[in-house]
Amino acid sequence: GEDVEQSLFLSVREGDSSVINCTYTDSSSTYLYWYKQEPGAGLQLLTYIFSNMDMKQDQRLTVLLNKKDKHLSLRIADTQTGDSAIYFCAEGGSYIPTFGRGTSLIVHP
Amino acid sequence: KAGVTQTPRYLIKTRGQQVTLSCSPISGHRSVSWYQQTPGQGLQFLFEYFSETQRNKGNFPGRFSGRQFSNSRSEMNVSTLELGDSALYLCASSRRTGGNTGELFFGEGSRLTVL
């Protein structure tokens, strides 16, 4: 069955880079997504990558996709305290994406 | 334009009661999905409605139900509440048309506490 796995916690120092990793199982996924959830809020799409791409860069965000290993990563450069949130990886081939359990990113001074 | 609106934001119920949650999607979005978020299970898909019809359903018992109205607004209902139903219930809307990225737009959620 479909499954998306990601580590539950990541702690980084302010100014460092953060790398959040995710593995998925559905090779037919058309898009892979990263959503961000701030405390007390719903999820918000951070970025996505089309399945025929290897990399996508958007300002401080870099998404890497390894289709062979079904591995997706999100790198946040120069991590700030405002980046503290839960980050969800999701795969989507239909209209219902499958979400991972989320990685809590903790940024400390 | 206005985002996804969920009401109520917070509610407290006791075991055995029932609850109805409401979701107003972004204007023009015809698909509404519901998710349950708990610390232990993460984000779990409940069901999706499109054009007033349930199109997809997650693995939840029949106590969880929903509907969608002609204006795309959606409600979900949980009957005979159990302690384990305490969660953040998130609604998400999307265009659900071919060629788009499948992005979901989430509301802030309804936090249900069952005592």
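Bear in mind these aren't lab numbers, they're just calculated from the coordinates by the rules spelled out. As the structure is a prediction and not an experimental result, all values here were calculated from the model. Every residue, glycine among them, receives a Cβ derived from its backbone with ideal geometry; neighbour counts consider all protein chains shown.
Summing Cβ point charges (Lys, Arg +1; Asp, Glu -1) relative to the Cα centre of the stretch B:12-83 gives a dipole of roughly 60 debye.
Quick one: how many lysine pairs in the protein assembly as shown have C-alpha atoms under 26 angstrom apart, if they're 8 or more apart or on different chains? Eligible lysine pairs with Cα atoms under 26 Å apart amount to 11. Could you tell me how far the Cα centroid of the stretch A:88-107 sits from the Cα centroid of the stretch B:63-80, in Å? About 24 Å separates the Cα centre of the stretch B:63-80 from the one of the stretch A:88-107. Ranked by the mean number of other Cβ atoms within 10 Å of their residues, highest first, the peptides A:66-75, A:8-17, A:28-37, B:87-96 fall in the order B:87-96, A:28-37, A:66-75, A:8-17.
Farthest towards the positive end of the charge dipole of the protein assembly as shown, among the residues A:VAL12, A:GLY42, B:LEU115, is the Cα of B:LEU115, using unit charges on the Cβ of Lys, Arg, Asp and Glu.
Return B:VAL114, A:VAL19, B:VAL32 ranked ascending by Cβ neighbour count within 10 Å, so the fewest neighbours appear first.
Going from sparsest to densest Cβ surroundings: A:VAL19, B:VAL114, B:VAL32.
Cβ crowding within 10 Å ranks B:ILE26, A:ILE106 as A:ILE106, B:ILE26, fewest other Cβ atoms first. Note on A:GLU5, B:GLU103, B:GLU48: ascending count of other Cβ atoms within 10 Å places them as A:GLU5, B:GLU103, B:GLU48, the fewest first.
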